[in-house]
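Written below as C-alpha cells is the structure these notes are about.
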Protein chains: 2
Amino acid sequence: MGHGEEVLRRCLSHRGLKFTRQRRLITEAFLNAEEHITAEGLYRRVSGRDPRVGLATVYRTLALLCECGLARRHDFGEGQTRYEHSYDRGHHDHLICQVCGKVTEFHHPKIERLQKEVSEQARFTPLSHRLEIYGYCEGCSPRKG
Amino acid sequence: MGHGEEVLRRCLSHRGLKFTRQRRLITEAFLNAEEHITAEGLYRRVSGRDPRVGLATVYRTLALLCECGLARRHDFGEGQTRYEHSYDRGHHDHLICQVCGKVTEFHHPKIERLQKEVSEQARFTPLSHRLEIYGYCEGCSPRKG
DNA sequence: GTGGATGCAAACGATTTGCAAGCAT
DNA sequence: ATGCTTGCAAATCGTTTGCATCCAC
C-alpha cells in the first residue's frame, strides 16, 4: 500500500470512518492516474478493475480525499470538476491551453509574495489562491511555424 | 440610454441581430446591478420591472453581453456562475471571503508582468488569466478584535 | 414579410441524495 | 451487533434547448 493510502486510512480512522475496499480501489486509481482527472474518468478507470463500484462512491470518495488533503478540486471551465493530487506536492498554478486543453503547471515564488502584499494592503487574510493563465500552448500557437 | 447599451446595440446590428425590449431591459438592469451578479439574481431584478421576461432570455442575453465585451463570467466556487461588468473597466483580480462571500477587487501590474514572464518561459501565449485569493475579509477574520 | 427572438416547458449533464442491503469495526 | 458505506435510481440544480408564437427590422 502506498503512502497516500496510509494518509487516507489515518484520516478516516481519526474520524471514525471506515477504510473499505472501494475507498482503497478508488484512492489507488486516483494516485496512479494522470494529474487533473475527472470524476467520470476516475470512475471509468476503477470500473475497469471492479465493475461493481458506483459513480456515486467515486464522488463521495473524492470528497473525502479533498478533506484529507490528498486531492484538490479545480474548475478549468470545461463544465466538470477536475481533481489533482495534492499530497506531498508544493503549491503550483496552471497554464491552460484553450485549443487542446493541455494543462501545464508552474510555480513562481515572487508572484506568491506579491499576493501576500496585496492581501495585507486590503486587510485580507489569504488562505489559498488560484491562478490560471489561459491562452495557447506552444503546439497550438497560431503564430507557430 | 446609457453608453453600455449603445455598445450592445452596435454589436448586435453588426451581426444582424435585433435590439429587443427584453435585451434592453436586461442590459440596463445588469449595468445598474451590483458587480458579480448571478443569472438568477438578474432575472429577479428584471422580473420586478417586467414579469413577462423569461429566465432563458436572461441567460441568452448574458451570453451576448459576454460576447460583446460588456460582461465577464466568473466561477467563485459557489456552484453558479457570476457575471461582472467588463465595459470600460481595466483588468482586475479578486479577493474572496470564504465566510461572508464578499468579493473585493484589486489590480497589481507587477503580478501581471510576472505572469507574462512565466508564460514566455513556458513558450505559452497568454490571452487572459484569472487570479483569485481565498481567505477571510477584515470583518470575518478570526483574529479580529 | 421574414428571420431572428421569446416564453414556456422539457431536456440536459454534472453532482448529490434517499434508501434498503452490505460490510468493516 | 452497530452504524458507517454502498449501489442504484431518483432527485437536484444551474443552464440549455425545442418549438410555436411574436416582433424588430
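The values are calculated or read from the model by the stated rules, or taken from the named source; none is laboratory data. All figures in this text were calculated on a predicted structure; none of them were measured in a lab. As a convention, Cβ positions derive from the backbone with ideal geometry for all residues, glycine included, and neighbour counts pool all protein chains shown.
Cβ separations smaller than 7 Å between residues 6+ apart or across chains give the following pairs from region B:1-22 residues that are under 15 Å from B:Gly69 (Cβ atoms) to residues that are exposed (fewer than 12 other Cβ atoms within 10 Å of the Cβ): B:Leu12/B:Lys18. Elements of the type helices (runs of 4 or more DSSP H) sitting completely within region A:15-82 and holding at least 2 residues that are away from DNA strand D (no atom under 13 Å from the Cβ) and hydrophobic (A, V, I, L, M, F, W, C): these cover A:21-32. Give the residue that is nearest to the other protein chains (Cβ to nearest Cβ), with candidates limited to residues of region A:1-52 that are β-branched (Val, Ile, Thr) and either within 12 Å of DNA strand C (Cβ to nearest atom) or over 15 Å from the mean Cα position of the chain (by Cα) (or both). The qualifying residue nearest to the other protein chains (Cβ to nearest Cβ) is A:Thr38. Condition first: facing chain A (nearest Cβ under 9 Å), touching a strand residue (DSSP E or B) at 6+ places or on another chain (Cβ under 9 Å) and closer than 26 Å to A:Ile111 by Cα. Can you find one or more residues in region B:54-76 that meet it? Yes: one or more hits.
Scanning region B:103-145 for residues that are of a type in the set (Gly, Ala, Ser) and either in contact with a Phe, Trp or Tyr (Cβ under 8 Å, 6 or more places away or on another chain) or at the interface with chain A (Cβ under 8 Å from one of its Cβ atoms) (or both) yields B:Ser119, B:Ala122, B:Ser128, B:Gly135, B:Ser141. Would you confirm whether or not region A:94-101 contains a residue that is more than 23 Å from the chain's Cα centre (by Cα), over 14 Å from B:Ala122 (Cα atoms) and either without any contact (Cβ under 8 Å) to a residue 60 or more places away in the chain or in the same structural domain as A:Leu31 (by TED's automatic domain parsing) (or both)? No, because not a single residue in region A:94-101 is more than 23 Å from the chain's Cα centre (by Cα), over 14 Å from B:Ala122 (Cα atoms) and either without any contact (Cβ under 8 Å) to a residue 60 or more places away in the chain or in the same structural domain as A:Leu31 (by TED's automatic domain parsing) (or both).
A:Thr81 satisfies every condition listed in (1) surrounded by fewer than 17 Cβ atoms within 10 Å (Cβ to Cβ); (2) more than 14 Å from chain B (Cβ to nearest Cβ); (3) β-branched (Val, Ile, Thr) except (2). A:Ala56 passes every criterion in (1) exposed (fewer than 12 other Cβ atoms within 10 Å of the Cβ); (2) at pLDDT below 95; (3) among the hydrophobic types (A, V, I, L, M, F, W, C) apart from (2).
When region A:117-130 is filtered for residues that are charged (D, E, K, R) and over 23 Å from the mean Cα position of the chain (by Cα), the ones remaining, listed by number, are A:Glu117, A:Glu120, A:Arg123.
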